[in-house]
Amino acid sequence: MDLGAPEVIMLVVLAVLMFGPEKIPGFARKAARVYKYLMNIATGAKDQLAGELGPEFADLSLADLNPKTFISKHLLDTEEVSAFRETIADTKKSLAETNRELQAATAGIAAGGAELIGVLNDSSSSTASSSLELVGAAVSGTPFDLEAT
């Protein structure tokens, strides 16, 4: 819950209207005492929790009780995490290189198929031409299902 400047101003104006300007300082002192009391309770609970968990959790903070933060801070070694991230980065680079190689090979096959079809169109053999046109169509990107034939 965030309290911005407009909300605080609205609360101050509302307090002045409800209680009057002479009672506001007393309420502010009481609110400060309640805040200090609650902070002492929270600090005591945190110290008790850290004491019961042992010395390996001496640097425990309330944010560490979030399961994701707790696991990454206390169970995963930072060297292991950095090694894992490096492995992921290397794998991504390898996949990008393989993708570029496949695209280049596909372009080469399509160009070769188109050239083959052009040569066959110039030839007089209609049977060889039609079978090679099917091969060229498959190479150039036309859907071809091996199980359907």
The lysines whose Cα lies under 21 Å from the Cα of residue 92, excluding any fewer than 8 residues away in the same chain, are none
Here region 5-13 yields Karplus 3J(HN,Hα) values (6.51, -1.76, 1.60; θ = phi - 60°; whole Hz; Gly and Pro given as x) of 4, x, 5, 5, 4, 5, 5, 5, 4
As straight-line cross-link partners of residue 36, the qualifying lysines (C-alpha separation under 16 Å, not fewer than 8 residues apart within one chain) are 46
In whole angstrom, the spacing between the Cα centers of region 76-111 and region 1-60 equals 52 Å
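Read-outs throughout are calculated quantities, based only on the coordinates presented, and are distinct from any laboratory measurement. Here the structure is a predicted model, which means the values were calculated and not measured.
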